[in-house]
Each structure stands twice: as C-alpha cells, then as structure tokens.
Amino acid sequence: MATSGFPVWWILVPVLAWTVFSLGVTLLREYRRHQVRSSRAQRAAELLDRGEPAMAEVTAFADTGQRRSASGTVWAVARLGLRVRPAGAAKPFDVEQTTSIALADLPDHAPGKTIPVRFDPQSHELAVERRAGSPAYFGADASRPRAAANETVDA
C-alpha cells in the first residue's frame with residue numbers, strides 16, 4: 001500500500017508537545033496560587049490568635065462582584081477601606097482589606113459602620129472578626145466569629 005509523502009507524526013508530535021507544555025504551565029500556576037492562598041489563610045489565623053484587638057471604621061466599601069457559596073450560605077467578596085483605631089495611645093491608620101462577607105452581613109460593613117479586627121502593630125496587617133452566629137467563608141478567608149458580650153472564647 002502506498003503512503004502519501006506527508007507523515008502524520010509531523011503534526012501529532014508538535015500538538016502533543018504543546019499540550020504537555022500547556023498542562024505543565026497550568027499546573028505550576030495553580031500550585032503557586034494554592035501556596036499563596038494557604039499562606040494568606042495561615043497569616044489570618046495567626047493574626048486572629050495573636051493580633052491586637054481593635055475597632056475599625058469602614059470608610060469605603062466596594063463589591064468586587066465575585067460570589068462564593070457553600071453549605072447553604074453565599075458570600076460576597078468585597079474590598080473594604082478601614083480606619084483602624086487601636087486601643088491606647090496608638091495612632092489610627094488606614095488600610096484596605098479584601099474579604100468574604102456573608103450576604104446577610106453586608107449591611108454591617110457599610111461605610112460609617114464599626115467592625116472588630118485583629119492586627120499586627122508592626123506591619124499593620126489585619127484580619128476581620130465576625131459577629132457570633134455569622135458564617136465565615138471556609139476557604140481562603142480564615143476569619144472567626146468573635147464572642148458575644150456574655151460569651152468567652154476557648155483558645
């Protein structure tokens with residue numbers, strides 16, 4: 001049987017090579033994103049455990065349009081402008097924070113409202129605390145509910 005002068009492997013090999021290369025790049029990119037999300041969540045958990053408590057006034061609120069959902073709750077991803085007022089004689093400072101907020105809790109984060117946070121006095125990094133009974137997003141958002149006035153938190 002006669003074959004044409006154009007071998008199929010001339011097309012197959014470059015296509016397979018490009019597919020393997022694209023898959024490798026995609027897997028590497030996703031691995032790096034996972035590392036960043038994990039380190040952010042660990043840092044937020046550390047701030048919530050060891051950070052200084054403070055109250056922060058919401059100065060700006062911008063909904064990013066992203067939504068996350070799980071366990072029957074939907075969260076909005078929002079960018080908050082916050083003026084943090086540390087306890088004592090420490091000077092207030094401004095910071096921007098992107099966080100997941102349950103849709104039911106969006107009114108509590110409107111400009112002019114005050115929310116509890118924990119922060120690092122040296123770097124001014126912060127994590128938003130949630131009110132008791134408020135669901136916290138289980139993914140990258142490592143916030144935790146704060147105790148109600150008559151509750152205590154077991155650490």
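The values are calculated or read from the model by the stated rules, or taken from the named source; none is laboratory data. Keep in mind it's a predicted model, so treat the numbers as computed, not measured. Note that each Cβ is placed from the backbone with ideal geometry, even for glycine, and that neighbours are counted across all protein chains shown. For accessibility, only protein heavy atoms count, side chains too; no ligands or nucleic acids. Shrake-Rupley method; radii C 1.70, N 1.55, O 1.52, S 1.80 Å.
Would you mind telling me which numbered condition in (1) open to solvent by less than 60 Å² (accessible area, probe 1.4 Å); (2) in contact (Cβ under 8 Å) with a residue 40 or more places away in the chain; (3) not charged (D, E, K, R) PRO86 fails?
Condition not satisfied by PRO86: (2).
Looking at this structure, is LEU80 surrounded by 15 or more Cβ atoms within 10 Å (Cβ to Cβ), under 14 Å from the mean Cα position of the chain (by Cα) and modelled with pLDDT of 90 or more?
yes
Quick one: how many residues across the stretch 90-124 are within 19 Å of ALA45 (Cα to Cα) and assigned to a strand (DSSP E or B)? Step through it out loud before you land on a result.
Keep residues of the stretch 90-124 that are within 19 Å of ALA45 (Cα to Cα), which gives 95-102, 115-124.
Now drop any that are not assigned to a strand (DSSP E or B), which leaves 95-102, 115-119.
Total meeting the criteria: 13.
Any residue in the stretch 44-55 that's in contact (Cβ under 8 Å) with a residue 24 or more places away in the chain and closer than 16 Å to THR99 by Cα: show its pairings with residues that are among the aromatic types (Phe, Trp, Tyr) and open to solvent by less than 40 Å² (accessible area, probe 1.4 Å) at Cβ separation under 9 Å, as long as the two are six or more apart or on different chains.
Taking only residues 6 or more apart or on different chains, the pairs are LEU47/PHE119.
Please specify each residue of the stretch 16-56 satisfying the condition of being open to solvent by 60 Å² or more (accessible area, probe 1.4 Å) and closer than 24 Å to ALA110 by Cβ.
PRO53, MET55
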